[in-house]
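Since the structure comes first, as C-alpha cells, the remarks are kept for the end.
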Amino acid sequence: MSELSHFDEAGKVRMVDVSGKQESVRRAVASARVLLSADTLTKLRSNANPKGDPLEIARIAGIMAAKRTSELIPLCHQINLTKVNVTAEFSETGIYIEAEAVTSAQTGVEMEALTAASVAALTIYDMCKAVQKDIVITDVLLESKTGGKSDYQRPSDGK
C-alpha cells in the first residue's frame, strides 16, 4: 500500500502540499444510488411527492455541495471548479445519481464529485422520507478520474 499522504513523517495529520505540482485539467465522476420502494417510485414518476420534484432539487444540492467541499472535508484544498454537473435518473430500484467535477488545478476533484453525489443522494432521502421510511443510500463511489499523476476508470457493471 502506498503512503498515506495526509500524514507527515511524525504521523501527524497535515494538508498535502501541492505547491510543487503542475496545474492540469482534472476531471472526476462519482455516483450514488438511492434505493426506493415501487410505491415511492410510482409517486415520484407521477409528480405526487408532497415536497416537489426531488430529482431536480437533488441536482442543485449536489452542485452547491461540490462548491463547498473544502468546508466539509477538513484537509481538502480549496479549488476553483470550472464545471460541476449532476444527473439524477430513475432506475429499476430507485434513483441513480452521477456527479462530474472539472478543474484546472494542482490537485484533483475526486472529493468534489463524491461530495456532490453524496449530497444529491441525501437530498433525495430528505425529500422522500415523508412517503418512505426505509430508504437506503448505497454505492457512493468514484467512477473515474483523469488528470494528475494517474487516471482511473472503474470497470463498468451497468446502472
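The values are calculated or read from the model by the stated rules, or taken from the named source; none is laboratory data. Computed from a predicted model, the values in this text were never measured in an experiment. Cβ sites come from the backbone with ideal geometry, for glycine too, and all protein chains shown count toward neighbours. Quick note on the areas: whole protein, heavy atoms, side chains included, nothing else; ligands and nucleic acids left out. Shrake-Rupley method; radii C 1.70, N 1.55, O 1.52, S 1.80 Å.
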Exceeding the 24 Å Cα-Cα cut-off - candidates K67/K133; K83/K129; K21/K145; K43/K145; K12/K83; K43/K129: K67/K133; K83/K129; K43/K145; K12/K83
Relative contact order %, the chain, counting alpha carbon pairs below 8 Å whose residues are six or more apart: 35
Solvent-accessible surface ranking, highest first, for K43, K145 at 1.4 angstrom: K43, K145
Space enclosed by the convex hull of the alpha-carbon atoms of the chain, per residue, Å³: 129
Probe 1.4 Å, accessible area per residue of the chain, Å²: 59
Solvent-accessible area, 1.4 Å probe, carbon plus sulfur percent, for the chain: 52
Accessible surface ranking that places the most exposed of V109, V119 first, with a 1.4 angstrom probe: V119, V109
Cβ-derived FRET efficiency at R0 41 Å, V140 paired with T42, nearest 0.05: 0.95
